[in-house]
Amino acid sequence: MGGLNDSVIMEIVLLALSCSWEKKLFLILICSLLYLGVILGNLFILFLVIFDSHLHSPMYFLLANLSLIDVGLSSTTVPKIIKDLLHEYKVISFQGCMTQICFILIMGGVEMVLLIPMAFDRCTAIHKPLHYLKIMNPKIYISFVITGWVTGVIHAMSQFLFVIKLPFCGPNKVDTFYCDFPKIIKLACTDAAKFEFIVAANSGFMSMGTFFLLILSYSFILITVRKHSSGELSKAFVTLSAHITVVLLFFTPCMFLYVWPSPPPSIDKNLFIVDFAITPVLNPAIYTLRNKDIKVAIKRLCKKISYSRLC
């Protein structure tokens with residue numbers, strides 16, 4: 001077909017979007033509201049970090065990058081779903097499907113890796129407060145972000161180039177909302193079992209390895225602080241609770257998808273909503289509601305807006 005490989009499939013039918021009109025309206029409303037929340041919430045944090053000089057620190061630089069990635073991750077799937085729900089024929093071209101998979105893998109990999117320097121940042125701030133700015137200098141935290149993007153791209157390309165070479169000449173229907181990596185592999189005209197295992201092992205190892213590393217890091221911080229005083233433990237727990245919540249929200253669906261590659265359709269669809277809509281919209285809310293600096297920055301912004309109106 002002169003496309004990405006010698007596949008015969010020209011388009012892929014998304015069966016999960018074929019439902020009653022009432023359910024379509026409900027999904028359109030939910031997806032639209034969640035996506036609006038993702039865009040407004042994450043771009044608001046990005047705006048605050050860029051234009052408020054008090055937030056020009058390593059932690060908020062990393063948070064701004066996380067917000068940018070959440071916007072990108074959600075934008076790869078949710079707008080397409082809303083558009084498809086408005087049409088009778090729910091399909092995506094083979095090239096479009098491969099492109100969607102590529103962007104999902106890149107954005108997901110980058111966010112996964114970016115959560116590690118965010119944990120390191122909190123660890124440094126709590127354990128080495130006097131040396132924090134020296135350790136977390138601009139060269140270090142910018143290199144963290146670059147490393148995250150490079151790792152995410154390499155991880156995505158290693159799997160994407162592997163899948164794109166598979167022959168897709170048979171069925172073209174999947175019971176999902178978007179081009180789900182494990183499900184698309186099953187459409188290949190070959191023995192898919194070994195390829196599913198390789199992909200699940202690759203992504204599963206990265207997901208679970210990163211998750212346990214983060215949990216161990218946060219546990220180490222809390223155990224170490226506990227030895228000093230209960231007041232410091234309480235303060236540290238409040239600071240870390242937002243980070244731990246984000247980690248759990250992000251990694252739980254990922255581990256289900258790759259440790260359990262063939263979950264029941266109902267669970268699979270719910271995991272999609274959590275991963276691509278609920279988690280990205282909750283991240284800015286979690287960091288805003290639990291972060292004193294962000295609250296103060298919002299108050300400063302409100303004062304500036306009120307002052308400009310009076311002038």
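The values are calculated or read from the model by the stated rules, or taken from the named source; none is laboratory data. Remember, predicted model here, so these are calculated numbers, not experimental data. Using ideal geometry, Cβ is built from the backbone for each residue, glycine included, and neighbour counts are taken over all protein chains shown. Heavy atoms of the whole protein, side chains included, go into the accessibility calculation; ligands, DNA and RNA do not. Shrake-Rupley method; radii C 1.70, N 1.55, O 1.52, S 1.80 Å.
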Partner lysines for residue 295 [C-alpha distance under 21 Å; skip if fewer than 8 residues away on the same chain]: 235, 303, 304
Size of the dipole of segment 12-310 about the Cα centre, Lys and Arg at +1 and Asp and Glu at -1 on the beta carbon, nothing else charged, in debye to 20? 980
Under 23 Å between alpha carbons, and skipping anything fewer than 8 positions from residue 139 in its own chain: which lysines qualify? 128
Which lysines, on any chain, are close to residue 299 with Cα under 17 Å apart, when same-chain ones fewer than 8 places away are left out? none
Would you work out if segment 75-203 is rounded, prolate or oblate? Take a ≥ b ≥ c from the square roots of the eigenvalues of the alpha-carbon gyration tensor; rounded if a/c is under 1.5, else prolate when a/b is larger than b/c, oblate otherwise. prolate
Counting just the Cα atoms, what span does segment 12-310 cover along each of its three principal axes? Round to the nearest Å and put the largest first. 62, 50, 33
In whole Hz, the Karplus estimates of ³J(HN,Hα) for segment 243-249 (6.51, -1.76, 1.60; θ = phi - 60°; x where Gly or Pro) are 5, 5, 4, 4, 4, 5, 5
Normalised by the residues of segment 12-310, what does the relative contact order come to in percent, with Cα pairs under 8 Å and at least six apart? 25
Expressed as a percent, the accessible surface of segment 12-310 that is carbon or sulfur, using a 1.4 Å probe and the full set of protein chains, is 72
Segment 12-310 - accessible surface per residue (Å², probe 1.4 Å): 49
